[in-house]
1. Quick one: how many residues across the range 117-131 are modelled with pLDDT of 85 or more, under 19 Å from His182 (Cβ atoms) and open to solvent by 50 Å² or more (accessible area, probe 1.4 Å)?
2. For the condition modelled with pLDDT under 85, under 17 Å from the mean Cα position of the chain (by Cα) and among the aromatic types (Phe, Trp, Tyr), what is the one hit in Phe194, Phe160?
3. So in the range 152-178, with the set limited to residues that are outside any helix (DSSP H, G or I) and aliphatic (A, V, I, L, M), which one is surrounded by the fewest Cβ atoms within 10 Å (Cβ to Cβ)?
4. Within the group Ala134, Ala97, which residue is modelled with pLDDT of 85 or more and assigned to a helix (DSSP H, G or I)?
5. Just the residues that are modelled with pLDDT under 85 and outside any helix (DSSP H, G or I), please, taken from the range 65-81.
Amino acid sequence: MKPVFAFILVAMMVMGGVDDPAYAQSSQASERQAVTHFWRFANCVAKNDRRRAEDVLIGADNSDENVKMTKSLATKNRGCIPAGSEMKFSGSLFRAALSGALLSRKYRNNAVGDYSSVEPLYRVTTLADGTSDAVVKDIALKQFSECVSRMAPAKTLALFGTKPYSNDEDAAFASLQAEMSHCLPVSEGQQFGFTRLELRTLLAEVAYELDMKLALGMKATETTEAQN
């Protein structure tokens, strides 16, 4: 059996304003620009088409229906695409960007929710021998992201409001350094890395899932109280 946390997460990013090695070459400038355009696009969609954006995030991301809904949402909001830019992106990246944008807008002027009442989303588990490293990495990263989101919800949400690859994003990641260090697995094992974009994406997905679970729990409680 293969314990998920037998893998060590290696953060392949620097928290203090030094460029991520994976993006150090000038040839990556266009990729940074594309990610920034995409962040602006997602924020525009979250502002102008919140209901449909929320509907997309409720559904299973790999279902045929949800793929259609995601494409439709992107198409109907083509006016949000920055002038002069061309954007090619996957549905999963779009969902993650929407998650961060919706959370950022929701809590801009509201207190952050208390996730302590929400049951763990990604429990520490044991997988069968032969499970691919990609699957193990995905589960471990989600467990890590959930741990960080629960420990520092306000700082995690603040990250989503920052422009990718900006000084503000560097500062947001730096503020989470203690929580990320705490949430890293301590068991020895195979190492694998993640980029700052990958981490930001996973934090957004998991934080949104936590927030949805919290909202559903609150609605259930309110319904029960009303019936009583």
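1. Selection size over the range 117-131: 1.
2. None of the others qualify; the one that does is Phe194.
3. Within the range 152-178, the match that is surrounded by the fewest Cβ atoms within 10 Å (Cβ to Cβ) is Ala152.
4. Numbers: Ala134 fails: modelled with pLDDT of 85 or more.
Of Ala134, Ala97, the one residue that is modelled with pLDDT of 85 or more and assigned to a helix (DSSP H, G or I) is Ala97.
5. Within the range 65-81, Ile81 is the sole residue that qualifies.
The values are calculated or read from the model by the stated rules, or taken from the named source; none is laboratory data. Since this is a predicted model, take the numbers as computed values, not measurements. Don't worry about glycine lacking a Cβ; one is built from the backbone with ideal geometry, like all the others, and counts go over all protein chains shown. We work out accessible area using only protein heavy atoms, side chains counted, and drop any ligands, DNA or RNA first. Shrake-Rupley method; radii C 1.70, N 1.55, O 1.52, S 1.80 Å.
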